[in-house]
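Some notes on the structure that comes next.
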Amino acid sequence: MELLHLRYFVAVAEELNFSAAARKLHMAASPLSQRVKDLEHELGRQLFDRSTHHVALTDAGAALLPIARDVLDRVGSIRWRLDQATQPTRSTVFVGVPAGLHPALRERLTQLADRVDGRFEVKRWPGTTTDLVAAVKDGRLALTLARLPVQEVSLDTLHVMSERLGAVVPADRFEGRESVKLADLADLAYAKSPEEIMPAYFEQLDRQLRELGIKKRIQLSNTGYQGTSEIVSGGLGFSVSMLDEDSSMRGYRLENMAVLPFEDFRAQLDTGLLWRRDRGDGGDIEELVAVAKEVFADPIIK
């Protein structure tokens, strides 16, 4: 049995969907399914009940899940435990930063770095929420800012910011408008950025928009947020982004684009600060986490 088998099993157990788990693991669903079958064969137990439209844990699978999580958490702690045992008086720690982070949160990161400077050298590390959360779990990052929701039982989360979202639309079609209704967007396609860069919240948002009558979709791949801006600027669709003028996401705006509040729909993106519970509670970054809780104590609402 290899650790990868346990990682694959836990991902499927948490998603109860092989395709969703495969996306989370950045692999195809077919080899993932085969690896899980290999684990079942080695253990001599069926771990999942599978059907075309349903995946559920068996009794054996439900019993294995906490065991597998514990093993993975212990392995993930090796890096920071070794660092703790060999670290100098002042150590370097990395804090994850997702794309489009609001300047107000960057200011708080600077405050955190200043306050712990005698004990820690704080460095920022960019990435998608999925990758940053994985890096916190395996000990490569001490903390990360991440787009919520994040469901990881081994991590503690502190809500630090809520940003109201609006519709990013072709400006020429909405000239003179200060807001939009969902009905105004029905003939436009919702332009979705590549799944690998989008926070999980936007999957929920996509489902909400579809249920409320926005049926057309443009699914982009192999591009970043700039690709979505090209679609909107060219009049082919609309997207959803932060309303606040100070948001870093405004840097992706092109000509013929406007960001307008919804009249009949409320959407907001929440950001949290995350760390491994065992590292923050009596572990090597307990002091860092304590100061971070003070610096980020009051959530920012935009």
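The values are calculated or read from the model by the stated rules, or taken from the named source; none is laboratory data. These numbers come from a predicted model, not from an experiment. When we count neighbours, we look across all protein chains shown, and the Cβ atoms used for this are built from the backbone with ideal geometry, even at glycine. Please note that ligands, DNA and RNA were not included when accessible areas were found on the heavy atoms of the full protein model with its side chains. Shrake-Rupley method; radii C 1.70, N 1.55, O 1.52, S 1.80 Å.
What residue, among those in region 264-302 that are of a type in the set (Asp, Glu) and open to solvent by less than 60 Å² (accessible area, probe 1.4 Å), is nearest to the chain's Cα centre (by Cα)?
First pass over region 264-302, keeping only residues of a type in the set (Asp, Glu): 264, 270, 278, 281, 284, 286-287, 294, 298.
From the residues that got through so far, the ones that are open to solvent by less than 60 Å² (accessible area, probe 1.4 Å) too are 270, 278, 284.
Values: 270: 10, 278: 21, 284: 25 Å.
Looking at residues that are of a type in the set (Asp, Glu) and open to solvent by less than 60 Å² (accessible area, probe 1.4 Å), I get 270.
Need a quick list: helices (runs of 4 or more DSSP H) entirely within region 1-48 having at least 2 residues that are at pLDDT 90 or above and more than 23 Å from residue 135 (Cβ to Cβ).
29-43
Quick grid of which residues meet (1) part of a strand (DSSP E or B); (2) among the hydroxyl-bearing types (Ser, Thr, Tyr); (3) closer than 15 Å to residue 164 by Cα:
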site	(1), (2), (3)
255	no, no, no
259	yes, no, yes
275	yes, no, no
282	no, no, no
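When you check residue 137 against the structure, is it farther than 20 Å from residue 232 by Cα, among the charged types (D, E, K, R) and within 14 Å of the chain's Cα centre (by Cα), yes or no?
Yes: the conditions hold for residue 137.
Would you pick out the residues in region 149-168 that are at pLDDT 95 or above, open to solvent by less than 50 Å² (accessible area, probe 1.4 Å) and polar (S, T, N, Q)? Steps first, please.
Going through region 149-168, the residues at pLDDT 95 or above turn out to be 155-168.
If we keep only those that are open to solvent by less than 50 Å² (accessible area, probe 1.4 Å) too, we end up with 155-156, 158, 160-163, 165-168.
Within region 149-168, 162 is the sole residue that qualifies.
Could you count how many residues in region 75-116 are farther than 16 Å from residue 140 by Cβ and either open to solvent by 80 Å² or more (accessible area, probe 1.4 Å) or in a strand (DSSP E or B) (or both)?
If we filter region 75-116 for residues that are farther than 16 Å from residue 140 by Cβ, which is where we start, we get 85-86, 88-90, 99-116.
Those left that are additionally either open to solvent by 80 Å² or more (accessible area, probe 1.4 Å) or in a strand (DSSP E or B) (or both): 85-86, 88-90, 106-107, 111, 114-115.
Counting residues in region 75-116 that are farther than 16 Å from residue 140 by Cβ and either open to solvent by 80 Å² or more (accessible area, probe 1.4 Å) or in a strand (DSSP E or B) (or both) gives 10.
Considering each of 171, 146, 142 in turn, give the residue that is surrounded by 16 or more Cβ atoms within 10 Å (Cβ to Cβ) and out of contact with any helix residue (DSSP H, G or I) (no Cβ under 8 Å at 6 or more places or on another chain). Give the derivation first.
On the way: 146 fails: out of contact with any helix residue (DSSP H, G or I) (no Cβ under 8 Å at 6 or more places or on another chain); 142 fails: out of contact with any helix residue (DSSP H, G or I) (no Cβ under 8 Å at 6 or more places or on another chain).
Just a single option satisfies the conditions, and that option is 171.
Under 9 Å between Cβ atoms, at least 6 apart or on separate chains: pull out the pairs that start in region 1-23 with a residue that is under 20 Å from residue 41 (Cβ atoms) and end on any residue that is hydrophobic (A, V, I, L, M, F, W, C) and open to solvent by 70 Å² or more (accessible area, probe 1.4 Å).
Going by the 9 Å Cβ cut-off, the qualifying pairs are 6/67.
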